[in-house]
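Since the structure comes first, as structure tokens, the remarks are kept for the end.
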Amino acid sequence: MADLSSNFLGIQSPNPFWLASAPPTDKEVNVRRAFEAGWGGVVWKTLGEDPPVVNVNGPRYATLWSQDRRVIGFNNIELISDRPLQTNLDEIRRVKRDFPDRAMVVSLMVPVNEEAWKNILARVADTGADGVELNFGCPHGMSERGMGSAVGQVPEYIQQVTEWCKKHTRMPVIVKLTPNITDVRVPARAARAGGADAVSLINTINSVMGVDLDRMIMSPSTDGLGSHGGYCGQAVKPIALNMVAEIARDAATAGLPISGIGGITTWRDAAEFIAMGCGTVQVCTAAMVYGFKIVQDLCSGLANFMDEKGYASLADFQGRAVPSVKNWNQLNLNHVEKAVIDQDSCIQCGRCHVVCEDTSHQAIFATKEGKRHFHVNEAECVGCNLCVSICPVPGTITMRRLDAGETDARTGRVIDGSYANWTTHPNNPMRAGCD
């Protein structure tokens, strides 16, 4: 049986599934219920100074639905904990005492002031918590007060605050990064320069979920007014994976431990984040949609996958996919693939033909011998994968690699199996060796 136990920065947990800092980790009753359900750890909802913030008493959440009424995107305008700091600290102490084998990390956000960070760190350490996560990502409400993403968008602030925290606590320091930035590698480098033990990402993405066209106001709204919020859920997973990969493969941050966040809903999502270098994964939206017991499916699914692949521990496949992520100019331009349609499973819907004919390369024929029959015209197929992406029957359309010695019907070129990329291509005026 696969061993799911995690050792992240010396923080032990029975599995890598942590609840992210959010409403599910706002209070003792929630966290106890989560641990009883089987979660390996939590990041307690972000704590700040007293007096606590005040949340709106109106709609805080909005959803993006799929056609089959599944929540694929989630937006919130909730702020950090609106309960007294000491109340939270007392609850953290009790929960950690009763669940010593679970990870207890506390999210923090106070003004960019060394004394403020020093004071709150000491109080958190007194609870017995395992570590702290610096919330430099919240994109709404707190950013307007000079905290959250207002810090996370300024590398100098990230480095400075991280240095203060490392100076004033022995607890591991995780820096939570905002995705609302051009290049996530820059704040990650600043966090490492400040001495961060790890980074976590992504926090939520700035968003407006919709417009009420009858009243002509943004939706959701409170008393006729609304605010941009933080977007998360399944739909942000590709963005999160890209940012995780950028940090994992960047020479300046390679080896920096990562806690992955962003749209993790299934065991497969978690496995992908781990394969991209994450040591733990944090979940929020999936728990808010399906409840805490989803962790049981996450654990059993991940364990079954690891058993099937022969991975005894998480370390056996952590980061294994990172070397496959390259810049576009490093891709092999001599590699050629063609689409293939399995006639036995094709349901003759014609979607592949329509999209290829209208929006791509006119590489799929719709008839054969006067009858409806969808097949690939290799003389036009560029291997773009669009037909595979939209086919409603999994496995019906696949891609076939042309082997050495075969001729590409589109170009007439014989495949020789060699590797060449844009840096040496004759069409590149800046190619290597070009004067």
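Nothing in this text is a laboratory measurement; each read-out follows from the coordinates by a stated rule. What you see is a predicted model; the values in this text were computed from it and never measured. Ideal geometry is used to build each Cβ from the backbone, glycine not excepted, and the neighbour counts take in all protein chains shown.
Brief remarks follow.
- Judged by the mean number of other Cβ atoms found within 10 Å, the most tightly packed of the peptides 118-130, 184-196 leads the ranking 184-196, 118-130.
- C-alpha long axis of helix 294-309 to longest principal axis of the chain, angle in °: 50 degrees
- Global form of the range 327-435, assessed from the alpha-carbon gyration tensor, a/c cut-off 1.5: prolate
- Result for the chain in a Gaussian network model with C-alpha springs under 10 Å: among GLU91, GLU369, GLU114, the largest mean-square fluctuation is at GLU369.
- Only Lys, Arg, Asp and Glu carry charge here, each on its Cβ (+1 for the first two, -1 for the last two); on that basis the range 327-435 has a dipole of about 160 debye about its Cα centre.
- For GLY350, neighbours were defined as the other residues whose beta-carbon sits under 11 Å from its Cβ, and their charges (Lys and Arg +1, Asp and Glu -1) total +1.
- Only the Cβ atoms of Lys and Arg (+1) and of Asp and Glu (-1) were treated as charged; on that basis the dipole of the chain about its Cα centre amounts to roughly 280 debye.
- Farthest toward positive dipole pole in the range 6-324 [+1 Lys/Arg, -1 Asp/Glu at C-beta], among PHE17, PHE305, ALA235: PHE305
- In this structure, the pairs whose alpha-carbon distance is over 32 Å, taken from LYS96/LYS237; LYS167/LYS326; LYS45/LYS326; LYS237/LYS338, are LYS167/LYS326; LYS45/LYS326.
- Residue with peak Gaussian network fluctuation, the chain [Cα springs, cutoff 10 Å], from VAL236, VAL175, VAL354: VAL354
- Remark: the range 48-55, residue by residue, has Karplus-estimated 3J(HN,Hα) of x, 6, 7, x, x, 5, 10, 8 Hz, where x stands for each Gly or Pro and the curve is 6.51 cos²θ - 1.76 cosθ + 1.60 at θ = phi - 60°.
- Note: relative contact order over the chain, using C-alpha pairs below 8 Å and six or more positions apart, is 13 percent.
- Positive end of the dipole of the chain (Cβ unit charges, origin at the Cα centre): among GLN160, ILE92, VAL295, the Cα lying farthest that way belongs to ILE92.
- Between the residues ASN206, THR266, ALA248, the greatest Cα displacement towards the positive end of the dipole of the range 169-296, with unit charges on the Cβ of Lys, Arg, Asp and Glu, is found for ALA248.
- Kirkwood Rh and Cα Rg combined as Rg over Rh, evaluated for the range 119-170: 1.01
- Packing-based exposure ordering (other Cβ within 10 Å, fewest first) of MET276, MET218, MET209: MET218, MET209, MET276
- With the biggest extent put first, the Cα atoms of the chain measure 78, 57, 50 Å across the principal axes.
- Cα centroids of the range 1-51 and the range 339-394: 47 Å apart.
- Proximal aspartates and glutamates to LYS27, defined as alpha-carbon separation beneath 12 angstrom and excluding residues fewer than eight positions away on the same chain: ASP82, ASP90, GLU91
- Between HIS361 and VAL382, the distance separating the two model label sites (each 7 Å from Cα on the Cα→Cβ line) works out to 0.7 nm.
- Fluctuation leader among GLN160, GLN362, GLN12 - the chain, Gaussian network, Cα springs under 10 angstrom: GLN362
- Helix-only [θ]222 nm of the chain, DSSP H runs n ≥ 4, -39500 (n - 2.57) each, per residue, nearest 500: -8000 deg cm²/dmol
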